[in-house]
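What follows is calculated from the coordinates using simple rules that are stated; it is not laboratory data. Please read these numbers as outputs of a predicted model, since none were measured by experiment. Positions of Cβ are backbone-derived with ideal geometry, glycine not excepted, and every protein chain shown enters the neighbour counts.
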Amino acid sequence: MRRLLLWGFLIAVILAVVVTALMAPRWRAEQTHEPPPELGQAPSFLLTNRDGRKVDNRELMGSAWVADFIFTRCALSCPRMTERMQALETLVPGGVRRVSFTVDPAYDSPQVLQLYAESWGIDDPEWLFLTGEKEAMRRLVVEGFKLGLDDEPPPGAASPDEPILHSTRFVLVDSSGLVRGYYDAFRPDELSRLARDYRAVASDG
C-alpha cells in the first residue's frame, strides 16, 4: 500500500513538472510580448463629446487608447463593433480607454450619441463618443487614420441597414499619439492581439 502511494505521488509530481514545462513558453510569451511598431502620428482634432464638451487629441496624451468608427443609424456592423469594444474590458485588466468617432455627424449630434451610449449601458465617462463637422470627420478618418469611408455611396453599394460604407477596424494609439496597430473588429484572435498590444504599449509608455 505504501509503495502504491509512493508511486502515485511520483506520478503526480511528474505530471505537474510536465504541465509547468508546457505552459512556461506560453507564459513567457505573454510576459515578454513585444510592443507593436510605430505606424505614424494619429491625427489632431477638436471635436464634441456626447456630454457636449469640446475634446482635442491633446487630452488623450499620456495614456493609450483604442478608436473605432461607427454611426448610430447603422444596424449591421456598428452594434457588433460597440459590443466588441465593450468586450475589451474583460481582456485588458485595469481597463482600456476608448474613443468612438461617428462617421455620420449630420445625424449623430452629442445628444444622439449620448442616447446611443445609454442604450448600451455605457457609463464610463472616459469612453468618448465624438462628433464634428462632416468634412472634418471625413478627413480624420480617411487622411488621418488612413481608413476607408464613403458616406455617399452609389445606389446599390450600401444597404438600408448600413447606408454609409466605413472601416470596421479598431485602431490602437499609444500615449504619445502614435498609431501602433489596426485590428479586425470581428475576429476574436485580432481582439486578443489588440489586448496584448494594448498592455505592451501601456507598460512601454
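If the segment from D150 to S109 were pulled out straight at 0.36 nm per residue, it would be longer than the present Cα-Cα gap by 12.8 nm.
The gain in end-to-end length when the E89 to R138 segment is fully stretched comes to 14.8 nm, 0.36 nm per residue minus the alpha carbon separation. Size descriptor for the stretch 119-205, Kirkwood hydrodynamic radius: 15.3 Å (Cα pairs only, one decimal). Net charge dipole, the stretch 46-204: roughly 340 debye, given to the nearest 20, about the Cα centre with Cβ charges of +1 for Lys and Arg and -1 for Asp and Glu. How high is the FRET efficiency between S63 and R187 when r is their beta carbon distance and R₀ equals 22 Å, given to the nearest 0.05? For S63 and R187, the calculated efficiency is 0.30.
Of all the C-alpha pairs in the stretch 74-170, what % are more than 19 Å from each other? Everything past 19 Å amounts to 45 percent. Taking square-rooted eigenvalues a ≥ b ≥ c of the alpha carbon gyration tensor, is the stretch 45-92 rounded, prolate or oblate, where a/c under 1.5 means rounded and, failing that, a/b exceeding b/c means prolate? Oblate is the answer for the stretch 45-92, as a/c is 1.5 or above yet b/c matches or exceeds a/b. Our coupling estimate for the stretch 102-113, obtained by passing each phi through the Karplus curve with A = 6.51, B = -1.76, C = 1.60 and θ = phi - 60°, is 7, 9, 10, x, 5, 9, 7, 6, x, 5, 5, 5 Hz, Gly and Pro reported as x.
Put simply, when 55-65, 127-137, 178-188 are sorted by average Cβ atoms within 10 angstrom per residue, most first, you get 127-137, 178-188, 55-65.
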